[in-house]
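Just so it is clear, none of the values below were taken in a lab; they were calculated from the coordinates. If you're wondering where the values come from, they're calculated on a predicted model, not measured in any experiment. Using ideal geometry, Cβ is built from the backbone for each residue, glycine included, and neighbour counts are taken over all protein chains shown.
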Amino acid sequence: MKNEIIKRSVVRYINSENREIKFNNGKGCYVYTDHGQKYSDFVLGYGPVVLGHSNEQFNERILTLLPEGIHFPGFSVHHDAYLKALFHNMKVTDDLLTIFMKTSSESNTGAMRIAAEATKRKGVIRCGFTGWHDAQYASSVPWHFPPAFRNTVRNIGNMRGISNEEEVFNWDTLQTTQLEELLKLKSHQISSLIFDSYQLSFITEDDLRQAICLCRKYDILIILDETKSAGRVGPLGCLGQETELWDMLVTGKAIANGAPLSLLIVKEHLREATIKAQVGGTHSKEVMSIYCALTTLEIMNESNGYATLRTIGERTSTIFNEIVHECGLNELIKMSPILGGALVDITLADRLYNNPQTLKLLQTFFLDNSILLLVGHPSFISLAHSGMDWNEWRSQIFKSLAKWKKVL
Ligand SMILES: Cc1ncc(COP(=O)(O)O)c(C=O)c1O
């Protein structure tokens, strides 16, 4: 019997010998394959593993909570304790309603449904990658490339909810004029702007504030998607604690150090629409991820974790760029700490964005040299990277870039 996991290409790691890398275990900033080969991990499950793999403090605390049970008939005191810790910590004073989800795709779908219920409009303006559900994914652009290189429309056809009065518009140039034109023409159809905070690595906070003001003039609700940044840049991401900026806030990825959890946080003025929208499911009330989220939040606070991530992100980028310089590739490639440094992004010369094969090869050469680092998508830092063997990493980056230089 053939028994195969269907994997999207982004989570298949194939080396230059066409062999798929399969993971067996992780410790700190390293993951190990079924053959015991060690990789420096800057993918971290695409962001969630913020403390590092198998963090001892985390393991110990979770093990004391597990005997309490992991799923009750309804919500538990642990859910309350987590929200209290999260909001107390951030000194948030607004009245907020929280929906517990497993993934941010669900949270964003829920947010769009609530927005449609509240405004009686079904259209959405989308800015960034916000998940794999139809309205988030269909007719989308390469959101992790700089705006000038978002010229291919992908995922066309076979997806629902993206036509006629349910249109989804891409605010892909990040320019106010594009947004303004869209609002002038279509605001009667549009319920919300959904904004991935990663896009703040291409525009300033002031630009975003201006865009939000513009949307508000047309009664468009703001869904701030802090999935990549919550639990990493700060407990509620980059701007989540600035409650005046959003109507709904989405967190996910790093908040539970790898356990599946996403929060959809809704302002009180949307209570009625939220209840009507009936968002939530069986696993919304599951508790194991809550133990993980509470423990992660405690460890991040106790260890000054957010500041530590920033320092490591800066260091990672500085060393990477020193090697770029040594290889004579300054004109072609650079690593930058983004959103303060809890993430890093490789940026490339313009001509390379039009050559996806070259980007893919670079990621493959990193893999061949035991590094999991993303190209065409930001990479992630964990607290455990403070204990990385930087000399080993230098030599691995050098070998990868030297090989890449030969194929350019
Ligand atoms: C900003 C943003 N929103 C939503 C999602 C979807 O999250 P999930 O994979 O948990 O559904 C992602 C995933 O990468 C994301 O980066």
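Subtracting the Cα-Cα distance from 0.36 nm times the residue separation, let me have the gained length for Ser284 to Asn59 in nm, one decimal.
Computed gain between Ser284 and Asn59 is 78.7 nm.
Can you work out the Karplus-derived ³J(HN,Hα) for every residue in region 368-374? Use 6.51 cos²θ - 1.76 cosθ + 1.60 with θ = phi - 60°, whole Hz, and x for glycine or proline.
4, 9, 6, 10, 9, 9, 8
Near the amide H of Phe72, under 5 Å away, which other amide H atoms are found, from residues 5 or more places off or on another chain, if H is placed in the peptide plane?
Val287
Quick check on the chain: of the DSSP beta bridges with both residues there, what percent are antiparallel, nearest 5%?
60 percent
For Thr227, list long-range residues whose amide hydrogen, built 1.01 Å from N in the peptide plane, is under 5 Å from its own amide hydrogen.
Ser197
Once the other residues with Cβ under 11 Å from the Cβ of Glu268 are scored (Lys, Arg +1; Asp, Glu -1), what is the net sum?
Value of the local net charge: -2.
Show me 165-171, 380-386, 17-23 ranked by packing, highest mean number of other Cβ atoms within 10 Å first.
Per-residue Cβ counts within 10 Å, averaged per peptide and sorted highest first, yield 380-386, 165-171, 17-23.
Among rounded, prolate and oblate, which fits region 69-302 when a ≥ b ≥ c are the square roots of the eigenvalues of its C-alpha gyration tensor, a/c under 1.5 means rounded, and a/b larger than b/c means prolate?
In terms of gyration-tensor shape, prolate.
Let me make sure I get this right: for region 212-312, a, b and c are the square roots of the gyration tensor eigenvalues over alpha carbons, sorted descending. Under 1.5 in a/c it's rounded, otherwise prolate if a/b > b/c, else oblate. Which is it?
Verdict is oblate for region 212-312.
What fraction of the DSSP beta bridges in region 69-302 is antiparallel, stated in percent and rounded to the nearest 5?
That works out to approximately 40 percent antiparallel.
Could you tell me which of rounded, prolate or oblate describes the chain, using a ≥ b ≥ c as the square roots of the eigenvalues of the alpha-carbon gyration tensor, with rounded for a/c under 1.5 and, failing that, prolate when a/b is larger than b/c and oblate otherwise?
oblate
For region 31-42, take each phi angle, set θ = phi - 60°, evaluate the Karplus expression 6.51 cos²θ - 1.76 cosθ + 1.60, and give the result in whole Hz per residue in order, putting x for glycine and proline.
10, 10, 8, 5, 9, x, 6, 9, 10, 6, 9, 10
If Lys and Arg each add +1 and Asp and Glu each add -1, what is the summed charge of the other residues whose beta carbon sits under 11 Å from the beta carbon of Arg209?
-4
Using a simple spin-label model with points 7 Å from Cα along the Cα→Cβ vector, what separation in nm is obtained for Leu96 and Lys38?
If labels sit at Leu96 and Lys38, their model points lie 4.0 nm apart.
Give, as ranges by residue number, the residues of region 45-77 whose backbone N falls under 15 Å from the point 7 Å along Cα→Cβ of Lys84.
The answer is 76-77.
Can you work out ³J(HN,Hα) from phi for every residue in region 109-117, in order, using Karplus 6.51 cos²θ - 1.76 cosθ + 1.60 and θ = phi - 60°, giving whole Hz and x for Gly and Pro?
The phi angles translate into 4, x, 4, 5, 5, 4, 4, 5, 4 Hz.
Which whole-number percent is the relative contact order of the chain (Cα, under 8 Å, 6+ apart)?
Value for the chain: 22 percent.
Non-local amide H neighbours of Gly252 (under 5 Å, H modeled in plane, Pro and chain starts lacking H): which ones?
HN-HN under 5 Å from Gly252: Ala230, Leu263.
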